[in-house]
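The structure appears below as structure tokens.
Only the coordinates and a few stated rules stand behind these numbers; no lab work does. Quick caveat, the model's predicted, so the values are computed rather than measured. FYI the Cβ positions are ideal-geometry reconstructions off the backbone, even for glycines, and counts take in every protein chain you see.
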Amino acid sequence: MMLESTIIEIDGVFLGAAILLAGSRLLRFHAVHDSVRALHNHILPDLDSLRRKVGQHFRKMMRPPSRAT
């Protein structure tokens, strides 16, 4: 059962929601953006950790590929 949710938005892009799990203080990530789909249903202990992990993954996936010289 979901108690509460918080929108996760990075660089103005809606990526998903952090859902507080009933009976615990844990948060489950519900991904809606393809770039962070690999993190869908990941459970983390707090909102800061979740935002940091999702943000790092999003920026890594959105980074243009480096060109070989």
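Please compute the length gained on full extension between VAL13 and ARG63, using 0.36 nm multiplied by the number of residues separating them and subtracting their Cα-Cα distance.
Extra length from VAL13 to ARG63 when fully extended: 16.6 nm.
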| said: If you fit an axis through the alpha-carbon atoms of helix 47-62 and take the longest principal axis of the Cα set of the chain, what angle between them do you get, 0 to 90°, nearest 10? | reply: 30
| field | Built amide H within the under 5 Å cut-off of LEU26, gap 5+ | value | LEU21
| field | Read-out semi-axes √(5λ) of the Cα gyration tensor in Å, derived from the coordinates shown; its label in [x] 26, 11, 9; [y] 36, 14, 10; [z] 63, 10, 6 | value | [x]
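On a full-extension model of 0.36 nm per residue, what is the gain between LEU26 and ASN41, subtracting their alpha-carbon distance, rounded to one decimal in nm?
4.2 nm
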| What does the charge add up to near LEU3, with Lys and Arg as +1, Asp and Glu as -1, over the other residues with Cβ less than 14 Å from its Cβ? | +1
